[in-house]
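Each remark here refers to the structure printed beneath this line.
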Amino acid sequence: MTTFKPLSDRVAIRPAAADEKTKGGLYIPDTAKEKPKRGTVLAVGPGRVENGQTIAMGVKEGDDVLYGSYAGTEISLAGEDILIVRESDLLGRIDD
Amino acid sequence: MTTFKPLSDRVAIRPAAADEKTKGGLYIPDTAKEKPKRGTVLAVGPGRVENGQTIAMGVKEGDDVLYGSYAGTEISLAGEDILIVRESDLLGRIDD
Amino acid sequence: MTTFKPLSDRVAIRPAAADEKTKGGLYIPDTAKEKPKRGTVLAVGPGRVENGQTIAMGVKEGDDVLYGSYAGTEISLAGEDILIVRESDLLGRIDD
Amino acid sequence: MTTFKPLSDRVAIRPAAADEKTKGGLYIPDTAKEKPKRGTVLAVGPGRVENGQTIAMGVKEGDDVLYGSYAGTEISLAGEDILIVRESDLLGRIDD
Amino acid sequence: MTTFKPLSDRVAIRPAAADEKTKGGLYIPDTAKEKPKRGTVLAVGPGRVENGQTIAMGVKEGDDVLYGSYAGTEISLAGEDILIVRESDLLGRIDD
Amino acid sequence: MTTFKPLSDRVAIRPAAADEKTKGGLYIPDTAKEKPKRGTVLAVGPGRVENGQTIAMGVKEGDDVLYGSYAGTEISLAGEDILIVRESDLLGRIDD
Amino acid sequence: MTTFKPLSDRVAIRPAAADEKTKGGLYIPDTAKEKPKRGTVLAVGPGRVENGQTIAMGVKEGDDVLYGSYAGTEISLAGEDILIVRESDLLGRIDD
């Protein structure tokens, strides 16, 4: 099976369907200037290195996250769309 | 219930109605070049990491704050509008 | 009473009337390319954080200061105009 | 035999054929805004130096990697095309 | 008497008359692409802060200095023109 | 005899003839977007200084190197063309 | 006698005549994209300060140096043309 292991502070995300509401009723208003997107974390990198120190990642596999809409690079793995973003593109975690 | 947990030094804010005056009479003059906005802090991230050190946030849940008008990303959670900004977008705290 | 507490290295200033001369005769020549302004410090933030260290502010409440004319964000508090600038926008202190 | 030894945090890559699917079915959708590319690591530099510390590389010879499509400098060595990129151009590792 | 106390690494200068030659014959050629200017230091700030350390200033009150012609902000204090520049705008000291 | 001693992290290079192939068959394809060049290191500087530490150079006199085509400043010394580049312009070393 | 003492990492240079060849035959080809220039160091500053540390200068009075042609600010001192550059504008030292 092919797996993708992000490097540095990158995060692999399975994007959620755009209009999908979470059970708790989170959705992104059409009027929003910059429409953030939702997705699930598939894998995270080891973290970026600053002055020789590896900075631990703030998210982990399985987290449900919001991220800036213009972020990332798309690939497809075993028929599944995956978006590769930087941790700094993530706005926050959604807990249902 | 769906909750939103900001990451890094981001802050989730419930924006106040634009023309709403505080009891103490704070409002934003129309003539102001860049009209800052008011809102209440709903949640804060853990803080940004600099050289391996997490920098504590200067605001907390419940604070009444002023922030730059062009800042942030809008989402709606359980029918409530929420703005996600960076701590550096915050001008200051308002104590009524 | 509503008070405004600046965050980080921001400074709240009550701008002086533009043409007002200090007793000691300081005023800003019309010919000056970039006309700095004068005002009184109402409140200062805790200071900016650099590598985990909070850098002490160089001005305090009551100081009479000069600042770059394009700096800051305007608000009005209890009918009083207030300008919120960064410490780095301040040119210096005026002692009459 | 001529060998190429990258310097600093550079990586020498043998690019894979563009449309080649991995056994595990990874390929890059045509619709992708920025089509990342795949290749095999031939050699890595010693790592970049930050504040006197050499930062270890996150990839090694033989790794199968994805990288940004606009990255790198092309050379040909003994009839083989080689791309020289920076480690920061690499998105992640692919394990079949 | 009104005095002006520069902040951070700023320097208050009394500009010399443009064509004034020093006794030792220093003057600025008209042909010079960027005509530096001369003046006398009236007051210096405490110095800039870097990583919590205050960096001592390299000039003091009374020094005769050369500075880049586009630098600084003009004010007038008790009828005297004063230019406020950053230490990094200063090219060097002139000892007659 | 006139010798040239580079400063900081600069490197003096004798550029190789453009189309010259190494014994091992390395040459730069015409199609390459940005055609790197080959040359021999004549002299290296002491290295750049970062936070008071001198960073050792990664190349030495006699190394055969590849560098970005737009890099450097040309001089001629005793009838020989010399290119002065920064270490960061070097892509890697070629070992025949 | 008027002397000029550079500040920080600045260097005062007496430019050599443009076409002057050194005994060892160094001259700058007309074809060179960016024609570096030659001159003699008259005085150096104390060095730049980084994180509270003064970085020692790599050149001294009397050194014969090459520097980028667009660098520096011109002044004239006792009838002698002087160019004030930053140390980072210097390419290297020439030893005849």
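Taking D:THR2, is it out of contact with any Cys (no Cβ under 9 Å at 6 or more places or on another chain), polar (S, T, N, Q) and modelled with pLDDT of 85 or more?
Numbers: out of contact with any Cys (no Cβ under 9 Å at 6 or more places or on another chain): yes; polar (S, T, N, Q): yes; modelled with pLDDT of 85 or more: no.
So D:THR2 fails the test.
Across the range C:43-57, which residue is farthest from the chain's Cα centre (by Cα) among those that are in contact (Cβ under 8 Å) with a residue 24 or more places away in the chain and part of a loop (DSSP other than H, G, I, E, B)? So that I can check it myself, show each step before the final result.
Going residue by residue through the range C:43-57, those that are in contact (Cβ under 8 Å) with a residue 24 or more places away in the chain are C:43-49, C:55, C:57.
Next cut, part of a loop (DSSP other than H, G, I, E, B) only: C:45-48, C:55, C:57.
Details: C:GLY45: 12, C:PRO46: 15, C:GLY47: 14, C:ARG48: 16, C:ILE55: 18, C:MET57: 12 Å.
Checking each candidate, the answer is C:ILE55.
What is the residue count in the range F:66-78 for residues that are at the interface with another protein chain (Cβ under 8 Å from one of its Cβ atoms) and of a type in the set (Phe, Trp, Tyr)?
Going through the range F:66-78 one residue at a time, the tally reaches 0.
Which residue out of E:ASP63, E:ASP19, E:ASP81, E:ASP89 is within 9 Å of chain C (Cβ to nearest Cβ), closer than 27 Å to G:SER76 by Cβ and either modelled with pLDDT of 90 or more or over 10 Å from the mean Cα position of the chain (by Cα) (or both)?
Details: E:ASP63 fails: within 9 Å of chain C (Cβ to nearest Cβ); E:ASP19 fails: within 9 Å of chain C (Cβ to nearest Cβ); E:ASP89 fails: within 9 Å of chain C (Cβ to nearest Cβ).
Within the list E:ASP63, E:ASP19, E:ASP81, E:ASP89, the selection yields E:ASP81.
Would you check if there is a residue in the range C:28-37 being in a loop (DSSP other than H, G, I, E, B), hydroxyl-bearing (Ser, Thr, Tyr) and either more than 9 Å from the chain's Cα centre (by Cα) or modelled with pLDDT of 90 or more (or both)?
yes
Looking at (1) more than 15 Å from G:ALA16 (Cα to Cα); (2) surrounded by 18 or more Cβ atoms within 10 Å (Cβ to Cβ); (3) free of Cβ contacts under 8 Å to residues at least 60 places away in the same chain, find the lone condition where G:LYS60 falls short.
(2)
The values are calculated or read from the model by the stated rules, or taken from the named source; none is laboratory data. Quantities reported herein were computed from a predicted structural model and do not represent experimental measurements. Quick reminder, even Gly has a Cβ in these numbers, built from the backbone with ideal geometry, and neighbours come from all protein chains shown.
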